[in-house]
Amino acid sequence: MSPTNRTVVVTGIGATTPLGGDSASTWEGMLAGRSGVKPLEGERFADLPVRIAAPVAVDPSEVLPRPLARKLDRSAQFAVIAAREAWADAGYTAPAGEDGSVAPDRLGAVIASGIGGVTTLLDQYDVLKDKGVRRVSPHTVPMLMPNGPSANVGLEVNAQAGVHTPVSACASGAEAIGYAVEMIRSGRADVVVAGGTEAAIHPLPIAAFANMMAMSKNNENPEQASRPYDKGRDGFVLGEGAGVVILESAEHAASRGARVYCEVLGQGLSADSHHIAQPEPTGRGVAAAVQNLLDNTGLDPAELVHVNAHATSTPQGDTAEIKALRKVLGDDLDHIAVSATKSMTGHLLGGAGGIETVATVLALYHRIAPPTINLDDLDEDIDADIVRGEARKLPVDGPIAAINNSFGFGGHNVTLAFRSV
Amino acid sequence: MAATQEEIVEGLAEIVNEIAGIPVEDVEIDKSFTDDLDVDSLSMVEVVVAAEERFDVKIPDEDVKNLKTVGDAADYILKHQG
């Protein structure tokens, strides 16, 4: 088998999210239909038009030693926590090269975020203004650089095949996973730690997103604010956290007897080239990405049983995505269970592709699709089978496949496909 | 009142503990910041700034490279404290 068509599998998962401090508690929260959205307390949020968000359930200060945490931006803290879980979950007991299970030069890391160390940048500017030049942390640059989470995860596991950070706003996490698949397919690596992270719950990003009219202002009902596909949806709710997977060539996974969650079939990519922030209303670009995915992977739509949709709860975006799926999949969309897990986690921006890949992998592995909560009054333009209210069992027999969509400001469209093993 | 050498070493130990997580009792005068105490060049800047505030002393960047051990730093502070 040539290096360009190697089979890639998922052997480990990790997450820290608004629903839980690890992937198991996150998954449990999703299946139970819990909301992670809360009021934003504190003086600095008081004047904002949006005073709700979905913070991580377990603060990193409870998990990471202080000397490490103080050198990492919050987005890198999340990434390291999720990567440690995924690494151990895949059966690795030490950094590469120490336990003989993978060579450092065959291991990569690709972790992305949408906006990097924005809280470090803003907080250190406050330090500069309030306390002076001398007090600005010497760790500021490595903390704010967008490749910081990827570099720190690479240091954790001793990745030497390559450490990368694709940036495409809210598609970043999914693009990272797609990039990692290609690293393995092309023969550059046998194992890659991949995912997305984001930590942007700060007054400035919230003010900026709110002024774009992109966010829900349902401050009185935080748990009902993120409501994809519902007629009353009025924008996304900002979430934070990270989701990370361990991708591995099937041969490498088999050689060490690793547990395999599912196969990664590949990715479909496109760009809208329509507007810097508005979704293209007919879903043209999204449809192109999904069509590319089918063409690239040979995925038979008849096998496709589940979509973890991008569905951020914005009026235009949710509709355009469903139109695109209908356009490409036709009647096959009728037998596909569509879930919008952002109804529970909020929108993790660059972290979304990470945690939603973890959710998609677990949906295939356990054969159950998580619910879309707060869908009380379905928008009549949403012509798809949305998993409403409660989790739904997926077919128990035969191979099943699922896709995870992520789209970003800038018109970036990424869709990833997975198949049960 | 100026700090004694013993007080300075105690203070440095607390700073190194805060920044690098090394137990205070392990921060002794013959220990090297980089080789023994897990203080890299970036964290050394934090140690210096914290020491400047605590002991009312200025440690110019060009002098920092000479402060290899806890003893070097304690001697410098003892000599230059305000």
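Around the Cα centre of the stretch A:15-150, unit charges on the Cβ atoms of Lys, Arg, Asp and Glu (plus for the first two, minus for the last two) sum to a dipole of about 500 debye. Peptides A:32-38, B:53-59 ranked from most to least packed, by the mean per-residue count of other Cβ atoms within 10 Å: A:32-38, B:53-59. One Cα centroid belongs to the stretch A:163-206, the other to the stretch A:304-333; the line between them spans 22 Å. When the charge dipole of the stretch A:9-255 is built from unit charges on Cβ atoms (+1 for Lys and Arg, -1 for Asp and Glu) and taken about the Cα centre, the candidate among A:Ala242, A:Gly91, A:Thr11 whose Cα reaches farthest toward its positive end is A:Ala242. One Cα centroid belongs to the stretch A:1-77, the other to the stretch A:134-152; the line between them spans 20 Å. If you wrap the protein assembly as shown in the convex hull of its Cα atoms and look at it from every side, the mean projected area works out to 24.8 nm². Centroid-to-centroid, using Cα positions, the stretch B:34-82 and the stretch A:335-388 are 53 Å apart. Comparing the chain by itself with all protein chains present, which residues of the stretch A:128-143 are at least 10 Å² less accessible (probe 1.4 Å)? By number: A:Arg134, A:Arg135, A:Pro138, A:His139, A:Pro142.
Buried accessible surface for the B/A chain pair comes to about 1100 Å², total over both chains, computed with a 1.4 Å probe. For the stretch B:3-78, report the translational diffusion coefficient in µm²/s to the nearest whole number, using Stokes-Einstein at 10 °C, 1.306 mPa s, and a Kirkwood Rh over Cα pairs. D, rounded to a whole number, is 134 µm²/s. For a modelled paramagnetic label at A:Ala207, 7 Å from Cα along Cα-to-Cβ, the residues of the stretch A:32-60 in reach, with backbone nitrogen under 20 Å, are A:40-54. Residues of the stretch B:27-46 that bury at least 30 Å² of accessible area when the other protein chains are present, relative to the chain alone (probe 1.4 Å, heavy atoms, ligands and nucleic acids excluded): B:Leu42, B:Glu46.
Only aspartates and glutamates eight or more places from A:Lys327 in sequence, or on another chain, were considered; those with a Cα closer than 12 Å are A:Asp383. Both radii were evaluated on the Cα set of the stretch A:9-255; the Rg over Rh quotient, with Rh as the Kirkwood radius, amounts to 0.99.
For chain B, the mean residue ellipticity at 222 nm estimated from helices alone is -18000 deg cm²/dmol, where every DSSP H run of n ≥ 4 contributes -39500 (n - 2.57) and the total is divided by all residues, rounded to the nearest 500.
In this simple spin-label approximation, A:Asp331 and B:Glu10 carry label points 7 Å from Cα along the Cα→Cβ vector, and these lie 8.4 nm apart.
How would you rank A:250-259, A:282-291, A:218-227, A:123-132, highest first, on the average number of other Cβ atoms within 10 Å across their residues?
Final packing ranking: A:282-291, A:218-227, A:250-259, A:123-132.
In the full protein context, the stretch A:143-233 carries 33 Å² of accessible surface per residue, based on a 1.4 Å probe and ignoring ligands, DNA and RNA. Protein heavy-atom accessible surface, 1.4 Å probe, per residue over the stretch A:291-421: 32 Å². For B:Lys79, the lysines whose Cα comes closer than 30 Å to its Cα, not counting residues fewer than 8 places off in the same chain, are A:Lys131, B:Lys31, B:Lys58, B:Lys65, B:Lys68. For a straight C-alpha distance cut-off of 20 angstrom, the lysines reachable from A:Lys217 (same-chain residues fewer than eight places away being disregarded) are A:Lys38, A:Lys231, A:Lys342. Within chain A, helices built from complete DSSP H runs that reach 18 Å or longer along their own axis (Cα positions) and carry a mean Kyte-Doolittle hydropathy of -1.0 or higher are A:74-89, A:118-131, A:172-185, A:284-297, A:315-329, A:352-366. When a 1.4 Å probe is rolled over the protein heavy atoms, the share of accessible surface on chain A that falls to carbon and sulfur comes to 52 percent. Counting every alpha-carbon pair across the stretch A:261-384, the share separated by more than 22 Å comes to 33%.
The values are calculated or read from the model by the stated rules, or taken from the named source; none is laboratory data. None of the values given here were measured: they were computed from a predicted structure. Don't worry about glycine lacking a Cβ; one is built from the backbone with ideal geometry, like all the others, and counts go over all protein chains shown. These accessible areas exclude ligands, DNA and RNA; they are computed on the full protein's heavy atoms, side chains included. Shrake-Rupley method; radii C 1.70, N 1.55, O 1.52, S 1.80 Å.
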